[in-house]
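Participant: For reference, the structure I am asking about is given below.
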Amino acid sequence: MGGALGIGMICLCMLGGVANTHIGSIVYFRRIASIGLCFSLGMLWNGMYAQERVQNVLPIELEGRELLLEGRVDSLPQNSSSGSKFGFTVTQATLSREAVKNFPKRIYLSWRPAWRNPEAIPEIRPGQRWQFKAALKRPYGTLNPYTFDFERWSFHQGFGANGSVKSGQLMRAHDIASTEFALSMEYQRWKLRNKIERLLPGDAPYAGVMVALVMGDQNAIDQADWRVFNATGIGHLISISGLHVTMLAGVGSMLASFLWRRHSLPLMIPVGKVAATAGFLTAFLYAWLAGFQIPAQRTMYMVGVVAFALWSGRNPRSFDIWWWALAFVLIWDPMAPYTPGFWLSFGAVAAILFAMSGSKGLLGIPTGKELEVSRRERFLQALRESIRLQAVVTIALLPCTLYWFYQFSIVSPLANALAIPLLSYIVTPLAIGGALMPEFFGKYLLLSAHACMEYLAYFLKWLAEWHWAVYWSRQPELWALILAVCGVVVAIRPGKIRPTYCSRLVGLACLAPLFFPSLNVRAIQHGEFRATVLDIGQGTAVLIETASKKLLYDTGPVLGVKDDAGQRTILPFLRGNGIDRMDRMVISHSDSDHIGGAASLLRDISFDSMLGSLPSVNPLLKQLQDQGVPSLPCRHGQEWKWDGVDFLIWHPHEKTVFEDRYPGKPNEMSCVLEVRNSDASFWLTGDVERQGEAALVTRLDSNGLEGLDGKRVIFMAPHHGSKTSSSRELLMTLGPDIAFSQNGYRNRYGHPHPAVTARYEELGIPLYQTPLTGAQIWTLRLNGVLERQFWREDAVRLWHRH
């Protein structure tokens with residue numbers, strides 16, 4: 001309910017600002033009444049907002065069933081080599097020729113062609129009416145700490161279901177134009193994007209950047225480019241910023257002013273009012289063309305408040321404009337505070353307004369007296385103020401940057417010193433002009449903008465290659481954030497710097513805890529370990545932590561042509577925990593759902609060694625060799641001890657030799673790892689099946705059960721709970737107290753198989769599946785203490801019932 005509270009607080013601040021300066025009992029009473037009214041209205045609006053979205057969810061009985069859907073494409077399609085994704089407003093849904101009631105109004109569809117042939121899918125345009133055969137499911141996404149929450153995003157966007165298109169029929173080929181303003185703007189955005197892509201060469205490496213600068217669509221930017229932009233701290237410039245909207249609003253204002261000055265028109269309406277109105281209308285239209293992103297909204301509302309003040313004869317303070325813009329954003333979108341753009345956009349403007357308020361020339365030159373000093377002194381003043389402004393924004397946004405992205409670009413001041421003027425005053429105006437002007441002129445403007453971007457990219461890549469370019473931290477704790485914000489206020493406060501540098505340094509020192517290691521009193525002690533079973537979809541990835549060591553067992557699945565669980569889930573999780581080095585990687589076997597994220601992780605995380613069941617020709621071994629990471633084949637009998645915790649390999653056989661291919665079925669060669677302390681045993685089994693499980697039973701019967709006496713056993717269901725694994729013999733021999741499985745939600749393999757879940761239930765072994773629990777965090781402490789946390793709240797309630 002943060003949005004509702006924010007609305008109430010903002011309205012209160014504004015109401016307080018217009019109250020009579022002579023404060024008496026009546027004024028106090030009015031303010032208290034205003035408090036209750038604003039909070040009540042805010043809570044009511046937020047409740048209505050949430051209720052509308054909760055009711056817009058697919059009934060669970062319709063999941064997986066083929067439906068016939070009619071409706072409109074209502075958003076800009078995202079196209080790639082793997083197909084097209086788009087929002088769809090449903091006007092009618094039928095199942096077995098019967099209309100479905102209480103169906104979601106808006107859903108998110110993906111249309112993938114057979115054999116990854118994009119030409120097999122017709123062109124999707126906003127506003128088109130289609131009839132689709134599609135299979136849907138409720139909005140679902142993997143849920144882990146520090147990673148993207150697809151379910152929250154779907155809730156925010158108003159999607160009540162997502163699914164895949166089986167086939168489609170265009171109902172009205174020419175029914176594109178619409179009386180709906182939002183849909184018409186989406187169609188114009190689609191035309192702009194097509195125009196930019198058409199005018200630039202097909203191999204233009206930064207065509208996606210041009211599209212992002214003009215209309216805010218960042219989906220075509222390559223991940224390698226994003227790594228460079230983020231490492232150099234200019235990611236905030238590769239989108240629609242408030243400066244872009246302000247520039248266009250200024251152009252619209254100047255054009256209106258120029259035209260309105262003719263003849264006797266100013267006698268009817270003053271030029272200033274017409275110019276302000278034109279500036280707001282320009283900002284309004286461009287904000288919609290830019291996808292109505294939060295920075296564009298903020299600027300549009302601020303321009304609107306200034307225009308309203310001019311028409312009403314008011315003279316608002318700078319922060320009054322900021323408060324009103326904040327209120328409008330929260331009223332329009334109560335979930336805006338859950339996005340990084342909200343905090344970065346409003347935070348940067350608030351810092352600038354605060355740091356520059358009340359100053360009479362920041363560096364000793366009174367405002368309005370600049371022309372009385374020499375040109376050299378004016379230049380130095382402008383340079384110093386630019387440096388201070390950049391420092392203010394960098395310092396002020398540091399807490400938000402570390403909270404959302406866990407990193408700080410050390411080369412950011414140098415990169416922004418060139419990127420800000422080049423992108424803001426050359427590349428972006430050229431790109432916008434090229435997109436809006438006729439194609440004959442627009443082509444050359446876009447080519448010029450792209451050429452400038454290429455030269456800038458050479459410089460940025462050079463900076464990003466510096467080994468110290470980025471400082472990786474972790475997500476700060478709440479107390480550190482509060483202290484840092486207080487320090488920021490002291491450090492960037494208005495006034496001259498030299499007389500107050502001591503207190504400002506103290507303020508900067510308050511930011512130091514942002515970089516401290518976690519002060520969690522429940523940290524892992526000697527002889528204890530923690531296992532984090534990530535919600536990775538149909539795959540495996542488990543992090544084992546002892547007091548000073550870390551091991552990653554498997555790296556999750558491949559998720560697309562250029563995407564995998566390593567960069568989508570595991571890397572953000574490790575970054576959020578402040579982990580940039582691992583002592584060992586263990587790969588159970590070479591199936592893509594276990595090794596898919598390894599290459600991405602090796603690019604960003606340092607590994608000291610690798611142990612795995614891989615054929616000698618596997619590309620991962622070559623990559624490890626190139627990076628100087630030693631690797632060993634996984635065999636029974638290997639063991640080591642870290643911080644009083646034992647690690648034992650139980651499978652495959654100690655004489656197994658991995659040559660060009662596996663000596664047997666890959667699943668049966670899975671590396672089985674046991675992690676054991678004095679009170680508990682944690683088993684990681686990969687995809688081992690009946691044959692491998694029989695070998696495990698033999699080894700346990702001969703020499704393994706003595707070490708498990710009196711220990712609590714937590715067991716990974718082999719092969720995600722397939723019917724060819726979790727044999728009764730193994731379960732009876734090992735006798736696990738708890739079991740878990742990593743599998744995808746409604747996966748096509750049907751894992752875990754009903755016969756397997758029934759077997760666990762029959763033996764009295766609770767089986768916890770990651771689609772229901774989210775990430776599972778098991779902390780096995782001394783004296784038999786077991787701490788557990790499931791990342792989904794409904795799963796926590798499920799656990800307590802057991």
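Participant: Would you pick out the residues in the range 53-72 that are open to solvent by 30 Å² or more (accessible area, probe 1.4 Å), assigned to a helix (DSSP H, G or I) and touching a residue at least 40 places away in the same chain (Cβ under 8 Å)?
Facilitator: ARG53, ILE60
Participant: Scan the range 437-459 for residues that are over 31 Å from the mean Cα position of the chain (by Cα) and either surrounded by fewer than 13 Cβ atoms within 10 Å (Cβ to Cβ) or not aliphatic (A, V, I, L, M) (or both) and jot them down.
Facilitator: Correct list: PRO438, GLU439, PHE440, PHE441, GLY442, LYS443, TYR444, SER448.
Let's see how each residue does on (1) more than 30 Å from ASN194 (Cα to Cα); (2) within 30 Å of the chain's Cα centre (by Cα):
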position: ILE32; (1), (2): yes, no
position: MET48; (1), (2): yes, yes
position: GLU63; (1), (2): yes, yes
position: GLU66; (1), (2): yes, no
position: PRO77; (1), (2): no, yes
position: SER81; (1), (2): no, yes
position: THR91; (1), (2): no, no
position: TYR108; (1), (2): no, yes
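Participant: Can you tell me which of TYR749, TYR760, TYR745, TYR768 is surrounded by 14 or more Cβ atoms within 10 Å (Cβ to Cβ) and either part of a helix (DSSP H, G or I) or among the small types (Gly, Ala, Ser) (or both)? Can you show your working first?
Facilitator: Values: TYR749 fails: either part of a helix (DSSP H, G or I) or among the small types (Gly, Ala, Ser) (or both); TYR745 fails: either part of a helix (DSSP H, G or I) or among the small types (Gly, Ala, Ser) (or both); TYR768 fails: either part of a helix (DSSP H, G or I) or among the small types (Gly, Ala, Ser) (or both).
On inspection, the qualifying residue turns out to be TYR760.
Participant: Within the range 320-340, is there a residue that is open to solvent by 70 Å² or more (accessible area, probe 1.4 Å) and farther than 30 Å from LEU44 by Cβ? So that I can check it myself, show each step before the final result.
Facilitator: First pass over the range 320-340, keeping only residues open to solvent by 70 Å² or more (accessible area, probe 1.4 Å): 323-324, 328, 331-332, 338.
Those still in the list that are farther than 30 Å from LEU44 by Cβ too: none.
No.
Participant: Same structure again: Which pairs turn up if I take residues in the range 255-270 that are without any contact (Cβ under 8 Å) to a residue 12 or more places away in the chain and look for partners that are open to solvent by less than 70 Å² (accessible area, probe 1.4 Å) and in a helix (DSSP H, G or I) with beta carbon separation below 7 Å, at least 6 apart in sequence or on another chain?
Facilitator: Cβ pairs passing all conditions: ARG261/VAL271; PRO266/TRP260.
Participant: Hey, can you tell me all the residues within the range 572-599 that are crowded, with 21+ Cβ neighbours inside 10 Å, part of a helix (DSSP H, G or I) and of a type in the set (Gly, Ala, Ser)?
Facilitator: Residue satisfying the conditions is ALA598 alone.
Participant: Taking PRO736, is it open to solvent by 20 Å² or more (accessible area, probe 1.4 Å), more than 25 Å from ASN577 (Cα to Cα) and either of a type in the set (Phe, Trp, Tyr) or touching a Phe, Trp or Tyr at 6+ places or on another chain (Cβ under 8 Å) (or both)?
Facilitator: On the way: open to solvent by 20 Å² or more (accessible area, probe 1.4 Å): no; more than 25 Å from ASN577 (Cα to Cα): yes; either of a type in the set (Phe, Trp, Tyr) or touching a Phe, Trp or Tyr at 6+ places or on another chain (Cβ under 8 Å) (or both): yes.
So PRO736 does not fit the description; no.
Participant: Which residue, of ARG106, ARG129, ARG97, is over 27 Å from ALA541 (Cα atoms), touching a Ser or Thr at 6+ places or on another chain (Cβ under 7 Å) and open to solvent by 30 Å² or more (accessible area, probe 1.4 Å)? Give the derivation first.
Facilitator: Values: ARG129 fails: touching a Ser or Thr at 6+ places or on another chain (Cβ under 7 Å); ARG97 fails: touching a Ser or Thr at 6+ places or on another chain (Cβ under 7 Å).
Among ARG106, ARG129, ARG97, only ARG106 is over 27 Å from ALA541 (Cα atoms), touching a Ser or Thr at 6+ places or on another chain (Cβ under 7 Å) and open to solvent by 30 Å² or more (accessible area, probe 1.4 Å).
Participant: Within the range 286-319, which residues are under 28 Å from PHE155 (Cβ atoms), surrounded by fewer than 22 Cβ atoms within 10 Å (Cβ to Cβ) and aromatic (Phe, Trp, Tyr)?
Facilitator: Of everything in the range 286-319, those that are under 28 Å from PHE155 (Cβ atoms), surrounded by fewer than 22 Cβ atoms within 10 Å (Cβ to Cβ) and aromatic (Phe, Trp, Tyr) turn out to be TRP288, PHE292.
Participant: Anything in the range 674-717 that is small (Gly, Ala, Ser) and either within 36 Å of the chain's Cα centre (by Cα) or farther than 19 Å from HIS594 by Cα (or both)? List them, or say none.
Facilitator: Step one: of the range 674-717, the residues small (Gly, Ala, Ser) are 678, 680-681, 686, 692, 694-695, 702, 704, 707, 710, 717.
Matches in the range 674-717: SER678, ALA680, SER681, GLY686, ALA694, ALA695, SER702, GLY704, GLY707, GLY710, ALA717.
Participant: Going by the conditions given, is ARG504 under 24 Å from TRP343 (Cβ atoms), open to solvent by less than 40 Å² (accessible area, probe 1.4 Å) and of a type in the set (Lys, Arg)? Steps first, answer last, please.
Facilitator: On the way: under 24 Å from TRP343 (Cβ atoms): yes; open to solvent by less than 40 Å² (accessible area, probe 1.4 Å): yes; of a type in the set (Lys, Arg): yes.
Yes; evaluated as a whole, the condition is true for this residue.
Participant: Considering only residues that are open to solvent by less than 40 Å² (accessible area, probe 1.4 Å) and not in a strand (DSSP E or B), look in the range 712-723 and name the one that is nearest to ALA680 (Cα to Cα).
Facilitator: Here is the first cut: in the range 712-723, the residues open to solvent by less than 40 Å² (accessible area, probe 1.4 Å) are 713-722.
Retained after the next criterion (residues that are not in a strand (DSSP E or B)): 717-722.
Details: ALA717: 17, PRO718: 19, HIS719: 23, HIS720: 22, GLY721: 22, SER722: 26 Å.
This residue is ALA717.
Participant: To continue, here is another question. Just a yes or no: is a residue in the range 464-486 open to solvent by 80 Å² or more (accessible area, probe 1.4 Å), of a type in the set (D, E, K, R) and closer than 20 Å to ILE605 by Cβ?
Facilitator: There is at least one residue in the range 464-486 that is open to solvent by 80 Å² or more (accessible area, probe 1.4 Å), of a type in the set (D, E, K, R) and closer than 20 Å to ILE605 by Cβ.
Participant: Taking SER184, is it hydroxyl-bearing (Ser, Thr, Tyr), assigned to a loop (DSSP other than H, G, I, E, B) and touching a residue at least 12 places away in the same chain (Cβ under 8 Å)?
Facilitator: Taking the combined requirement at face value, the residue does not satisfy it.
Participant: Next question, about the same structure. Go through ALA565, ALA547 for me and flag whichever is among the aliphatic types (A, V, I, L, M) and open to solvent by 10 Å² or more (accessible area, probe 1.4 Å).
Facilitator: Values: ALA565 fails: open to solvent by 10 Å² or more (accessible area, probe 1.4 Å).
From the options ALA565, ALA547, the qualifying one is ALA547.
Participant: Oh, and also: Could you go through the range 649-672 and let me know if any residue there is acidic (Asp, Glu) and at pLDDT 95 or above.
Facilitator: Looking only at the range 649-672, we keep the residues that are acidic (Asp, Glu), and these are 654, 659-660, 668.
Keeping just the survivors that are at pLDDT 95 or above gives none.
Taking every residue of the range 649-672 in turn, none turns out to be acidic (Asp, Glu) and at pLDDT 95 or above.
Participant: In the set PHE346, PHE308, which member is at pLDDT 90 or above and under 30 Å from THR147 (Cβ atoms)? First the steps, then the outcome.
Facilitator: On the way: PHE308 fails: under 30 Å from THR147 (Cβ atoms).
Result: PHE346 is the single residue among PHE346, PHE308 that is at pLDDT 90 or above and under 30 Å from THR147 (Cβ atoms).
The values are calculated or read from the model by the stated rules, or taken from the named source; none is laboratory data. None of the values given here were measured: they were computed from a predicted structure. No Cβ is skipped: glycine too gets one built from the backbone with ideal geometry, and neighbour counts run over all protein chains shown. Ligands, DNA and RNA are stripped out before the accessible areas are found, and what is left, the full protein with its side chains, is counted by its heavy atoms. Shrake-Rupley method; radii C 1.70, N 1.55, O 1.52, S 1.80 Å.
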